[in-house]
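Rule-based calculations on the coordinates, nothing more; no lab input. All values reported here derive from a predicted model rather than from experimental measurement. All Cβ positions, even for glycine, are placed from backbone atoms using ideal geometry, and neighbour counts span all protein chains on display.
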């Protein structure tokens, strides 16, 4: 276990039914950037070969039919149904919301998804479409996807999204600053954004495809959690390398260790590149075997995806009907 | 050649999406000729391999349909060229699989090549024969054109491992369909060799997918699969009625071979070309 200069906390309570996202007494590093560097430097390096082997071994696990059915439904309920295109229109957001509430109109037993994820200017529209349904509206903010804007602009972006009704904010970290070692800058920015979020949950996008190494993923995960993230998220989906199982493994280990260390339970969101139900189930096995079954809930684990939902619905229909179904049975994006 | 040299034996693999995977299940089976000779190990496809093949076919079909008829003809003709250049290899395997002498096997390969060329020539003629303008009582120019049905599942004939195989596979391809074919269970090697040939004949990945395995295992999955638009049950034998019933669940086109259809040497006509096309009719205003 890594040694961190944290305030001591009560023993972690993981697995209880009433896990809260962020207890008010979140530990924080009130010290300097040097202190932060020491803290993150104390993290052990990631054994990349071991991580790949672990992922590969868990990927071959067979699931019994009943388990598979339950996991398909769980995966559907964990989806942040996402549209993040320059060509998004009100009509697209409306159909996205409709699909979020009732993914398969022909089968009311399909659960609704966790959230819809849109750009800030479409948040109000999405909230209006959804009404007071239990589907959250998540908004990317902070000059998504590059994050290349001044802090004031980023904070204004966040405040507007929250004011428009976003329940969750997906921010991007400043990868340039992180990679040049300006950890304090990254940390302060997350703290500031967290404050701007108010009651909205904060998901911190690490953009692991740009962090290059798994060591960096582990450090960025801890940095984000220390700064107040409610969720850590792999990717924007806008760079070629998005969520990969080893990266998610490292992040799951980070949230597990962070919870043991501090008692604060942080969620993980895998986003980008997850298109098949088979991959989604592999990720859920990874969650269960790494962080534990307590994380198998939409409150603590999410998939950021759009096309994944249809494949989950297809596999679900396959399980139900006993034969493969055609893809155009379900609405496209 | 010294006798202590290691045998280098080939395992014949599947053709899915332009690649040659072993079965996802890892299973293989031995191909034994009628005289008891061991002919080789081939992959035994599972229903998941079939699912992958259908996904690949569905993805590849629109582009194959959109290719010009001329281009599809060129690709099929290239396939014939490739068989011709390896005719001795084909003849060897046909002779082994079907227990023919060399001369008969060569004749069968020639017939198979000619059959592919025949269908290659048909690609840009289907529209003239099956389509046309229709006389209508109104100010409309009304015409019908044949369009491909989509993804076609073929249960290849069990006896005729090469000629019968290409006779079933080439017509849906010529019409612009993507094909998922289950080879002859006991005589799969010539068809798997043909798969290796198509990979170098500019046939786009996914347009032709070849699976070797048990018809009893793969047939129902193919026939019930909603994303398969038509099935050719030529090689299904006694299972054909059950498979046809399975196919009805998703309202597929079903092609059932007659006894005469199993005589592969005769002129095939256009029956198989017509089996997997749909007619689109366009009403176009004129004189306004």
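Quick notes
- Identification of helices (runs of 4 or more DSSP H) wholly contained in the range A:222-333 with 1 or more residues that are within 16 Å of residue A:76 (Cβ to Cβ) and more than 14 Å from chain B (Cβ to nearest Cβ) yields A:277-290, A:307-321.
- With respect to (1) within 18 Å of the chain's Cα centre (by Cα); (2) touching a residue at least 24 places away in the same chain (Cβ under 8 Å); (3) farther than 29 Å from residue B:98 by Cβ, the lone exception for residue B:18 is condition (3).
- Residues (touching a residue at least 12 places away in the same chain (Cβ under 8 Å), in a helix (DSSP H, G or I) and within 24 Å of residue A:159 (Cα to Cα)) located in the range A:189-214: A:189, A:190, A:191, A:192, A:193, A:194, A:196, A:197
- All positions within the range B:72-105 that are touching a helix residue (DSSP H, G or I) at 6+ places or on another chain (Cβ under 6 Å) and within 30 Å of residue B:126 (Cα to Cα): B:73, B:76, B:77, B:79, B:80, B:82, B:83, B:84, B:87, B:90
- Tally, over the range B:88-105, of residues that are in a helix (DSSP H, G or I) and touching a residue at least 12 places away in the same chain (Cβ under 8 Å): 10
- The set of residues in the range B:43-69 being closer than 28 Å to residue B:31 by Cα, out of contact with any strand residue (DSSP E or B) (no Cβ under 7 Å at 6 or more places or on another chain) and away from chain A (no Cβ under 12 Å) consists of B:46 alone.
- Condition check for residue B:75: within 15 Å of residue B:117 (Cβ to Cβ), away from chain A (no Cβ under 14 Å), buried (at least 18 other Cβ atoms within 10 Å of the Cβ) and touching a residue at least 12 places away in the same chain (Cβ under 8 Å): yes
- Matching entry among B:172, B:220, B:204 (being in contact with a strand residue (DSSP E or B) (Cβ under 6 Å, 6 or more places away or on another chain) and either under 20 Å from residue B:16 (Cα atoms) or without any contact (Cβ under 8 Å) to a residue 12 or more places away in the chain (or both)): B:172
- For the range A:272-283, filtered to residues that are buried (at least 23 other Cβ atoms within 10 Å of the Cβ) and under 16 Å from the mean Cα position of the chain (by Cα), the residue that is nearest to residue A:317 (Cα to Cα) is A:280.
- Filter result (surrounded by fewer than 23 Cβ atoms within 10 Å (Cβ to Cβ) and outside any helix (DSSP H, G or I)) within the range A:137-173: A:143, A:144, A:145, A:146, A:147, A:148, A:149, A:150, A:164, A:165, A:167
- Screening the range B:204-288 for helices (runs of 4 or more DSSP H) wholly inside it with 2 or more residues that are within 14 Å of chain A (Cβ to nearest Cβ) returns the ranges B:215-224, B:240-248.
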